[in-house]
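Here the structure is laid out as C-alpha cells; the discussion comes afterwards.
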Amino acid sequence: MTEQDPRKQRSRARLLDAATTLLAKGGTEAVTIDAVTALAKVARATLYRHFGNGTELVAAAFGRLIPPAPTVSEEGDLRDQLVELMVSQATLIESAPMHVTAMCWLGMGPALEDYSSAAALESDKPELRTLRQTIVEQYRAAFDRIFGTPEAAEQLGEFDYDLALAQLVGPLVFTRLATLTPLGREACERIVDDFLAARAAQVASRPSPVIAEVPPARAL
C-alpha cells in the first residue's frame with residue numbers, strides 16, 4: 001500500500017482520533033500504546049507503521065489540539081503592534097489550555113535549546129518537527145517580525161531576545177497556569193509599557209559612541 005492508500009489514511013486517522021481523545025481527557029500519561037490501539041481498534045504493528053514511538057504519537061495528537069495562530073496587523077507603531085500581539089496571545093492561551101500543556105511538555109523535550117526563533121528551528125522527527133514548528137510560529141514568529149523592524153532596533157537597542165519574550169509572554173502563561181483572572185487589554189498594555197520603558201532606560205544609559213574628528217586635508 002502506498003502513502004495515499006485510503007486504508008492507510010483511515011487507520012492513521014483512527015489512531016490520531018483515539019490519541020487526541022485520550023490526551024484531552026487524561027493528559028500525556030493517558031496516551032499509551034495499549035490504550036490508543038484498544039480505543040482505535042488498530043493493531044500495534046499498524047501503529048508502528050505510522051509512528052516511530054509513543055512520543056511521536058503524542059506530538060501528533062497535540063498538533064490536532066493547537067488552534068491556528070492569530071493574525072496580527074502590521075499597522076501602528078512598535079507599542080501598538082506589541083499590545084495587539086499580547087492581547088491575541090492572552091486570548092489564545094486562555095481559550096486553549098492544552099496549548100499551554102503542549103508548551104510545557106515540549107519544554108522538557110530534547111534538542112530545544114537552539115530554538116531561539118522561528119528561523120532557528122532544525123529538522124528532526126517529522127511529527128515532532130511539525131508540532132515544534134507550530135509552537136514556534138504561534139509564540140515566536142510574530143515577535144521575530146516585530147523585533148526585526150528598524151523601529152524596534154532604534155527603540156530597543158541590543159537586548160536578550162529570550163529574556164524579552166519571557167518578560168512579555170511569561171505573565172500570560174503564569175496567569176493561566178496559576179488559574180488567576182485572565183489578563184485583559186489594560187494588563188497587556190501595562191506589560192508592554194513596562195517593557196518598553198525598561199528598554200528605553202537601558203538604551204539611554206549607554207554612552208554615546210565617540211566620533212573621531214577627521215583632520216582637514218592638507219594642501220599638496
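Sorted by mean Cβ packing within 10 Å, highest first, what order do the peptides 152-158, 140-146, 74-80, 17-23 take?
Going by the mean number of other Cβ atoms within 10 Å, highest first, we get 17-23, 140-146, 152-158, 74-80.
Can you work out the PRE-style zone for ALA200? Point 7 Å along Cα to Cβ, and I want the residues of segment 76-95 with backbone N under 11 Å.
79
So if R0 is 22 Å, what FRET efficiency would ARG10 and GLN133 give, r being the distance between their Cβ atoms, rounded to the nearest 0.05?
Efficiency, rounded to the nearest 0.05: 0.25.
Just so you know, all these numbers are worked out from the coordinates, no wet-lab data involved. Model, not experiment: these values are computed from the prediction. When we count neighbours, we look across all protein chains shown, and the Cβ atoms used for this are built from the backbone with ideal geometry, even at glycine.
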